[in-house]
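First comes the structure, then the notes that go with it.
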Amino acid sequence: MSASLPFFRYHPDPLASASIHAAADTCACCKRNTGWIYTATFYTAHEVNGRFCPRCIADGSAAERFAGEFTDSYGLNGVSEDVLHEVTRRTPGFHAWQDPY
């Protein structure tokens, strides 16, 4: 397994929520095996084969490359554009049976 996970301000423990887990999978964005893989939602119109490493989520490259979001912006009315961008494009989502509000 490689380096530690990046810190996500709005999802500080993605291991506990099972959004990220240890795996030997290759990241769909950077094509590297970092020892960690994201397994929750990603909203995009693009065909994405595979999952993302935490670094590609944290730096925004996965969301930018595939024009997608990890969290639906519904319910985030009134937050700044910076916070909205960080929550939807640079923070891991989580498994849920309905959208969070």
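Please go through segment 28-85 and pick out each residue that is part of a strand (DSSP E or B) and β-branched (Val, Ile, Thr). Result: Ile37, single match.
The rows are residues; the columns are (1) modelled with pLDDT under 95; (2) of a type in the set (Lys, Arg).
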residue: Ser4; (1), (2): yes, no
residue: Ala23; (1), (2): no, no
residue: Cys29; (1), (2): no, no
residue: Arg32; (1), (2): no, yes
residue: Thr39; (1), (2): yes, no
residue: Phe42; (1), (2): yes, no
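Between Asp59, Asp25, the distinction of being in contact (Cβ under 8 Å) with a residue 12 or more places away in the chain, acidic (Asp, Glu) and surrounded by 15 or more Cβ atoms within 10 Å (Cβ to Cβ) belongs to Asp25 only. For segment 6-20, the count of residues that are loosely packed, with under 14 Cβ neighbours inside 10 Å, charged (D, E, K, R), assigned to a helix (DSSP H, G or I) and in contact (Cβ under 8 Å) with a residue 24 or more places away in the chain is zero.
The values are calculated or read from the model by the stated rules, or taken from the named source; none is laboratory data. From a predicted model like this one, the values you see are computed outputs, not experimental measurements. Positions of Cβ are backbone-derived with ideal geometry, glycine not excepted, and every protein chain shown enters the neighbour counts.
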